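This report refers to the structure that appears directly beneath it.
The values are calculated or read from the model by the stated rules, or taken from the named source; none is laboratory data. Every value quoted in this text rests on a predicted model; they were computed, and no experiment measured them. Methodologically, a virtual Cβ is constructed for each residue, glycine included, from the backbone with ideal geometry; neighbour enumeration extends over all protein chains shown.
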Amino acid sequence: MTSGAPETKERLIVFDTTLRDGEQSPGATLNLEEKLEIARQLSRLGVDVCEAGFPIASPGDFEAVQRVAREVGPLVENRKSGEPMTIAGLARARREDIQRAYDAVSPAPRHRIHTFLATSDIHLKHKLRIDREECVRRVKEAVSFARSLCDDVEFSPEDAGRSDREFLTVVLGEAIAAGATTLNIPDTVGYTTPEEYGALIAYLIANTPGAEKATWSTHCHNDLGLATANTLAGVRNGARQVEVTINGIGERAGNTSLEEVVMAIATRPGEFGVATWIDTTQITRTSRMVSAYTGIPVQPNKAVVGANAFAHEAGIHQDGMLKHHSTYEIMRPETVGLASSALVLGKHSGRHAFKVRLEELGYGDLSDEDLNRAFERFKRIADKKKVVTDADLEAILTDEIYQPPEIWKLKYVQVTCGDHTRPTATVILVDPEGKEREDAAVGAGPVDAVYKAINRIVREPNTLTEFVVTAVTEGIDSLGEVTIRIQPHHEETSRWTHPQTGQTQARTFSGHGASTDIVVASARAYMSALNKMLSARAEKLERKGS
Ligand code: KIV
Ligand code: ZN
């Protein structure tokens, strides 16, 4: 299903910034392969514009944006609109940033430069230390330069939500005159209310010289939990592009979430008068992938993609649902790619049934290798667990497929623990040369013992900063999913530079694992985080050497 094909309604452009603003979430570091994989999934989802990163921030960011432009930019397969995604790169209002962004995005058939400069008095005075006149001059120069390189130029007055409205009409009028084709209005600090933000969009469209020549866009942050409401208010008042992220990840409390805006529009088509080309059945898959790669779990009660979003617990609700689903359900779960049927797989299910179920869950395009790996894993789990539900299947796929290259492999893990035993672990790993390495350790608990034993072999000092275990389904035999985060001590990989503020921050790496045994799931999660950290270091060293 698309969210109401825009043949009959005005088209709403979906601009996804998961790979740029989303990646600025605390701890959400993505490597090159993960960025490419997410970009491919965003293309399948039907996103119109993919902001792939901030190319000037580092050589790694530049390369990631360029690879997305080259490899994902041309794809039209599985896209309901039949058009390729536009690949955008962010640039401060400076020539070198803009040139770098252009060089990174230009391999894509459709590409955009997105440049920004703050306009609020708070930012002008305390951050940029310039006056309004200088701000207008820089905007004119930046947009004209971007337009000299590229026909598709977006300008954002950062902190527009707290900027003087009249001044905004001056800045934005100059941006349009200099060639900006999209004007994006960021509520950078998530300060506005829906009424204010909607009124701001209406005011700017009515009062900016040349407003009719540009597409108006929303960009809201969620500090007060109002990002989706503000975005929809912007759409009601004339915005025809929304800037969003998967699962609403982003700076601080995050950005507007794609799935909430898209499903609000699809569920209440009469309310907004617009439609998108998003294939909503890809929403769940995209959400899981982004959560697995960033290591940011989705809260269970999160709208549309939370584990409880379609669960009906109260007896009175269950009774209503049995009589007719419309009593308590405003969206069908299959609309967002969640399984509709209670059909479950078990140990007698064959490869064909497994493949068909995955296709129904939106994973029709897995490679034979991924499919085989997932099937083998499914068989092992089905031996331990009577029924394997769709939630289990999703966890298996996440654990098998969304993993970094295995530099070190976990071969064997065994623990002894109990209230009168010192928790002890023995592990066997396969090193990068293919040699088996074994060691044992004692710890405060079984997981600590396993991590210590792994550390004795791999010898990569790090600090565990987060450890989360969740049960995939109900019941004592549920799969456990573990997500962890580690902070390396090695200086090559321990810091990263924030693209907007230029400050360096501590860098962390996430890992995830699933198993019916949570100690095994914890070991898998640790190996996944270690491998991610080691590939980041290798990438960095390679770039330094070349
Ligand atoms: O929130 C913000 O202001 C931004 C801009 C760079 C668009 O992310
Ligand atoms: Zn932002």
So Ile316, is it surrounded by fewer than 17 Cβ atoms within 10 Å (Cβ to Cβ) and either at pLDDT below 90 or not in a helix (DSSP H, G or I) (or both): yes
The range 101-145 - residue that is in contact with a strand residue (DSSP E or B) (Cβ under 7 Å, 6 or more places away or on another chain) and of a type in the set (D, E, K, R) and, of those, surrounded by the most Cβ atoms within 10 Å (Cβ to Cβ): Arg112
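If I filter the range 488-504 for residues that are modelled with pLDDT of 90 or more, of a type outside the set (Phe, Trp, Tyr), outside any loop (DSSP other than H, G, I, E, B) and touching a helix residue (DSSP H, G or I) at 6+ places or on another chain (Cβ under 7 Å), do I get at least one hit?
Let us first name the residues in the range 488-504 that are modelled with pLDDT of 90 or more, namely 488-489.
So of that shortlist, the ones also of a type outside the set (Phe, Trp, Tyr) come out as 488-489.
Keeping just the survivors that are outside any loop (DSSP other than H, G, I, E, B) gives 488.
Add one more test, that the residue is touching a helix residue (DSSP H, G or I) at 6+ places or on another chain (Cβ under 7 Å), and what stays is 488.
Looking for residues that are modelled with pLDDT of 90 or more, of a type outside the set (Phe, Trp, Tyr), outside any loop (DSSP other than H, G, I, E, B) and touching a helix residue (DSSP H, G or I) at 6+ places or on another chain (Cβ under 7 Å), one finds at least one in the range 488-504, hence yes.
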Subset of the range 146-160 [over 13 Å from Ile176 (Cα atoms) and buried (at least 17 other Cβ atoms within 10 Å of the Cβ)]: Cys150, Glu158, Asp159, Ala160
For Ile185: the one exception among (1) out of contact with any Ser or Thr (no Cβ under 6 Å at 6 or more places or on another chain); (2) of a type in the set (Val, Ile, Thr); (3) surrounded by fewer than 24 Cβ atoms within 10 Å (Cβ to Cβ): (3)
Test: residue in the range 375-387 that is without any contact (Cβ under 8 Å) to a residue 12 or more places away in the chain and surrounded by fewer than 16 Cβ atoms within 10 Å (Cβ to Cβ): yes
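Looking at Ser43, Ser58, can you tell me which residue is closer than 22 Å to Arg285 by Cα, of a type in the set (S, T, N, Q) and either more than 14 Å from ligand 1 (Cβ to nearest atom) or crowded, with 18+ Cβ neighbours inside 10 Å (or both)?
Working: Ser58 fails: closer than 22 Å to Arg285 by Cα.
It is Ser43.
From the list Gly225, Gly254, which residue is outside the structural domain of Tyr363 (by TED's automatic domain parsing) and within 14 Å of ligand 2 (Cβ to nearest atom)? Walk me through how you get there before you give the answer.
Details: Gly225 fails: within 14 Å of ligand 2 (Cβ to nearest atom).
Answer to the check: Gly254.
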Members of the range 507-539 found to be part of a helix (DSSP H, G or I), more than 14 Å from Val450 (Cα to Cα) and touching a helix residue (DSSP H, G or I) at 6+ places or on another chain (Cβ under 7 Å), listed by number: Glu539
Cβ-Cβ under 6 Å pairs, at least 6 apart or on other chains, the range 246-260 side closer than 16 Å to Thr218 by Cα, far side within 11 Å of ligand 1 (Cβ to nearest atom) and of a type in the set (Asp, Glu): Gly250/Asp21; Asn255/Asp21
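Please note which strands (runs of 3 or more DSSP E) are completely contained in the range 387-462 and include at least 2 residues that are of a type in the set (Lys, Arg) and within 33 Å of the chain's Cα centre (by Cα).
Working: elements: 409-416, 424-430, 436-442.
Where strands (runs of 3 or more DSSP E) fall fully within the range 387-462 and carry at least 2 residues being of a type in the set (Lys, Arg) and within 33 Å of the chain's Cα centre (by Cα), they are 409-416.
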Qualifying position, being in contact with a Ser or Thr (Cβ under 9 Å, 6 or more places away or on another chain), under 30 Å from Leu117 (Cβ atoms) and of a type in the set (Gly, Ala, Ser), among Ala453, Ala506, Ala471, Ala514: Ala506
Residue ID - nearest to Ser156 (Cα to Cα), chosen from residues in the range 105-124 that are within 16 Å of ligand 1 (Cβ to nearest atom) and either in contact with a His (Cβ under 8 Å, 6 or more places away or on another chain) or of a type in the set (Gly, Ala, Ser) (or both): Ala118
Verdict on Thr193 being at negative phi, surrounded by fewer than 16 Cβ atoms within 10 Å (Cβ to Cβ) and either hydroxyl-bearing (Ser, Thr, Tyr) or in contact (Cβ under 8 Å) with a residue 60 or more places away in the chain (or both): yes
